[in-house]
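A quick write-up on the structure given underneath.
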């Protein structure tokens, strides 16, 4: 299985071409009549865009409030980032904006560096995303193991749930620490300040969401629940905290763009936070694009999507917004509502813009407890409890361990560190699996031959070799994870042969460490007066070894196209 995965990775290493950076929106102007955008298609996009805009309205405000920002920052993010992600993106129906995955990391950054630090990190993360896209890294983000993403997504869900307890119950003096244990310790101390009316609004909101999902699945559950909670609180005159009471009236104008302020004395911390934002945005946006492909039968352009995500985040930061990425739930809503092109995502942004310009005062009456209830449901959906249990029960122990570590680091340390550790664990997990499928083994049918690495060769697979000729073959990629094995072969062979044939028919690639190991092996052969012959070298290893000068260093006839030719060449040396 892992050989197939490696082959897919190697096949994806095609050069990045200008065609990789054509936004899907531009396809609407294709001269092909079958792809031409029609008024009927615009009608579908208009309905879908307005629908998803209404759905995004409470979520954008809720995510921003939960992260430590203001409601209008969430709206600015959905408007500016959402518009550019749709306009320039590589996915036909992707919806961009603030998401639950960013709540935890934004909260931590604001706690450490303030809002100015967050905006600077958002813009810098946008630059990183553009670089990822332009360099073709987008094709490789998808290979981060599922246990890693599942682990920190579940951890994010738990942290989002924990952060909503204060507003859900109306606690007066709960601790605002981003640390998980300190947060819950604060809730325990503030237990006596729970407001029954606020808790009732929150519980009622969750009940409405569940009922709408069950009996009217076509209705946006979050919108219906927030509207019902707002109406109930206003009609009954409930003493609950609202958006207007805490944040004031939402401005009915758009801000002017402003460059972020970079604190160069804390540039190391800023780069670390920016990298975490960029990685999380890349992972979630491409995951959302894959989900969209599955629903539409389309195929997204990963590199162009990352470039668009980067531009969207830069725009969001310049207008005072927060980080944005592809939103899976809103993208799915967009598709189900009939969207056929990126125009729907642009209409979604315009819908939110019109709300700010004409209906902003209505948002002031929304109870904060209802938004907290919406995020609690989002947190439950994100946690994927069944998925986590399934991986732990049915997957290899290494996968289960990676999941648990990712989850624990997210909850107990912080998401920035968890993302970085997740990337490192992904690399080590891949290396470990590739080591398991790469063999270095003896293949000659000679007396006394000992198999040092891997399984025995298949019967009669290799032709017989004369005494004094050893045949070894490498199966799988020859890279730093397995290169050390080769260094021990010659010393472990009982009698140093006159000729050593190294078969490389099944080596798809070699890296610099593998080249170094081959050079050291060649030097050992020279010292032991053993001739080294390489056979059946594939294209990438041949180019790498030629560039390193190893092939030129071999004696004439040191590289042979087939094993039979290598054996005939060895006959001249063996006694």
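The single condition among (1) in contact with a helix residue (DSSP H, G or I) (Cβ under 8 Å, 6 or more places away or on another chain); (2) in a loop (DSSP other than H, G, I, E, B); (3) modelled with pLDDT of 70 or more that residue 402 does not meet is (2). Would you confirm, using the coordinates I've provided, whether residue 408 is modelled with pLDDT of 90 or more, surrounded by fewer than 17 Cβ atoms within 10 Å (Cβ to Cβ), farther than 15 Å from residue 103 by Cβ and in contact with a helix residue (DSSP H, G or I) (Cβ under 8 Å, 6 or more places away or on another chain)? Spelling it out, residue 408 is indeed modelled with pLDDT of 90 or more, surrounded by fewer than 17 Cβ atoms within 10 Å (Cβ to Cβ), farther than 15 Å from residue 103 by Cβ and in contact with a helix residue (DSSP H, G or I) (Cβ under 8 Å, 6 or more places away or on another chain). For region 201-213, the set of residues classified as surrounded by fewer than 18 Cβ atoms within 10 Å (Cβ to Cβ) and more than 22 Å from residue 335 (Cβ to Cβ) consists of 203, 207, 210, 211, listed by residue number. The set of residues in region 187-209 being in contact with a helix residue (DSSP H, G or I) (Cβ under 8 Å, 6 or more places away or on another chain), part of a helix (DSSP H, G or I) and closer than 30 Å to residue 113 by Cβ consists of 187 alone. Restricting attention to region 68-88, the residues that are part of a helix (DSSP H, G or I) and over 21 Å from residue 223 (Cα atoms) total 8.
Name the pairs whose Cβ atoms lie under 9 Å apart, with the first residue in region 509-520 and assigned to a loop (DSSP other than H, G, I, E, B), the second at pLDDT 85 or above, and 6 or more positions between them or separate chains? Listed pairs, sorted by first residue: 509/538; 509/540; 509/541; 509/544; 511/544. Considering the conditions (1) at pLDDT below 90; (2) within 22 Å of residue 80 (Cα to Cα), residue 265 is excluded by exactly one of them, (2). Counting only helices (runs of 4 or more DSSP H) that sit wholly inside region 239-332, those with at least 3 residues that are under 24 Å from the mean Cα position of the chain (by Cα) and more than 29 Å from residue 344 (Cα to Cα) are 267-296. Within region 323-351, the set of residues being surrounded by fewer than 24 Cβ atoms within 10 Å (Cβ to Cβ) and over 16 Å from residue 87 (Cα atoms) comprises 328, 329, 332, 333, 335, 336, 337, 338. Only residues that are closer than 16 Å to residue 369 by Cβ and either modelled with pLDDT under 95 or in contact with a strand residue (DSSP E or B) (Cβ under 8 Å, 6 or more places away or on another chain) (or both) were counted across region 206-222, and they come to 1.
Being under 22 Å from residue 376 (Cα atoms) and at pLDDT 95 or above holds for only one residue in 60, 67, and it is 60. Quick check: is even one residue across region 160-169 touching a residue at least 12 places away in the same chain (Cβ under 8 Å), in a helix (DSSP H, G or I) and farther than 15 Å from residue 375 by Cα? Scanning region 160-169, I find no residue that is touching a residue at least 12 places away in the same chain (Cβ under 8 Å), in a helix (DSSP H, G or I) and farther than 15 Å from residue 375 by Cα, so the answer is no.
Checked against the criterion of being closer than 18 Å to residue 303 by Cα and either without any contact (Cβ under 8 Å) to a residue 40 or more places away in the chain or not in a loop (DSSP other than H, G, I, E, B) (or both), the candidates 130, 109, 65 yield just one match: 130.
Taking residues in region 189-210 that are touching a residue at least 40 places away in the same chain (Cβ under 8 Å), and partners anywhere that are in a helix (DSSP H, G or I) and exposed (fewer than 13 other Cβ atoms within 10 Å of the Cβ), the pairs with Cβ atoms closer than 9 Å and at least 6 places apart or on different chains are 197/236.
The values are calculated or read from the model by the stated rules, or taken from the named source; none is laboratory data. Just so it is clear, the model here is predicted, and its values are computed rather than measured. Here the Cβ is made from the backbone with ideal geometry for all residues, glycine too, and neighbour counts use every protein chain on show.
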